[in-house]
Amino acid sequence: MGKRICVYCSSSNILEQKYTEAADSFAKAASLREYTIVCGGSCRGLMGVLIDKMNELGGDVEGVMPSFMKDIELDHPSLRKLTLVDSMSRRKEMLRENTDAVVALPGGVGTIEELIETYTLKRLGLYPGTVILLNLDGFFNPLLQLFAHLVSEKMLNRNWSDALIVVEDVSGLVEAIEKCKPQILEPKHYAPA
């Protein structure tokens, strides 16, 4: 049995090809390694790419979507396991549940919000999995610069990167997932120092 990986990613259908190629490549690697991928369950954007490729290769993929979003994100018709929930909060809890890692592929505000919540839980000692950011072609550099700014303003502990693995490509992402092990951080890790 492979690892269980939560993936946050874009639901936009108008992305540059490099992003869809990365999602496709990750899905191939995940299927080969028998990972279970848990994502938002949409047929749109990188979620759709992940689900399509996992299905094509016989991989294990699950979706979690609030009922009210079915008309916005359009649930993937080929998804064999889609759980409908009553809120975004419940969705995020279920996406993380029993996962070895949370991975953020390039995405918009929803992806960033999900990542920040999980990263915060990791730093508080409330999420044992690994948090990984795929910084493809520097996509998340502005976010990482914001973290550096928060450190310089003493709003964020200098140890912030201990709770976040940043990789540049899909091979680095797979390598980070392969190495991940459960780890609970001490809540004191969170406080600026």
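Only the coordinates and a few stated rules stand behind these numbers; no lab work does. Being a predicted model, the structure only gives us computed values, none of them experimental. Here Cβ is always computed from backbone atoms with ideal geometry, including for glycine, and neighbour counts include all displayed protein chains.
Stretched out fully, how many nm does the piece from GLN17 to GLU186 gain, at 0.36 nm a residue minus the Cα gap?
Gain on extension, GLN17 to GLU186, equals 56.8 nm.
Shape verdict for region 1-96, please, from the Cα gyration tensor: rounded (a/c under 1.5), prolate (a/b greater than b/c) or oblate.
Taking the square roots of the gyration eigenvalues as a ≥ b ≥ c, region 1-96 is oblate.
How tilted is helix 17-32 with respect to the longest principal axis of the chain? Cα atoms for both, answer in degrees (0 to 90, nearest 10).
For 17-32 against the chain, the angle is about 80 degrees.
Under a point spin-label approximation (7 Å from Cα along Cα-to-Cβ), what is the LYS81-SER67 distance to one decimal in nm?
Distance between label points: 2.2 nm.
Straight-line reach from LYS179: which aspartates and glutamates have Cα under 12 Å away, leaving out those fewer than 8 places along the same chain?
ASP100
In degrees between 0 and 90, to the nearest 10, how far off the longest principal axis of the chain does helix 170-179 point, with axes built from Cα atoms?
So the inclination is approximately 70 degrees.
Which lysines, if any, have their Cα less than 19 Å from the Cα of LYS181, not counting same-chain residues under 8 positions apart?
Once the sequence-local lysines are set aside, what remains near LYS181 is LYS3, LYS122.
Binning at 5 angstrom from zero up to the longest distance, how are the C-alpha pair distances of the chain distributed in percent?
That works out to 1, 8, 17, 21, 21, 16, 9, 5, 1, 0, in percent per bin.
Run the helix sum for the chain: -39,500 (n - 2.57) per DSSP H stretch of 4+ residues, divided by residue count, reported at 222 nm to the nearest 500 deg cm²/dmol.
-12500 deg cm²/dmol
Which order do peptides 52-64, 93-105 fall in by mean Cβ count within 10 Å, highest first?
Highest mean packing first, the order is 93-105, 52-64.
Is the shape of region 111-174 best called rounded, prolate or oblate, per the rule: a/c under 1.5 gives rounded, else a/b larger than b/c gives prolate, else oblate, with a ≥ b ≥ c the square roots of the Cα gyration tensor eigenvalues? Walk me through the numbers on the way to the answer.
Working: a/c = 1.88, a/b = 1.18, b/c = 1.59.
In terms of gyration-tensor shape, oblate.
Taking loop as defined by DSSP and a crowding limit of 14 other beta carbons within 10 Å, which trypsin sites (Lys or Arg not before Pro) in region 18-49 fit?
ARG33
I'd like the Karplus ³J(HN,Hα) series for region 62-71: coefficients 6.51, -1.76, 1.60, θ = phi - 60°, whole numbers in Hz, and an x wherever there's a Gly or Pro.
10, x, 9, 9, x, 3, 5, 8, 4, 7
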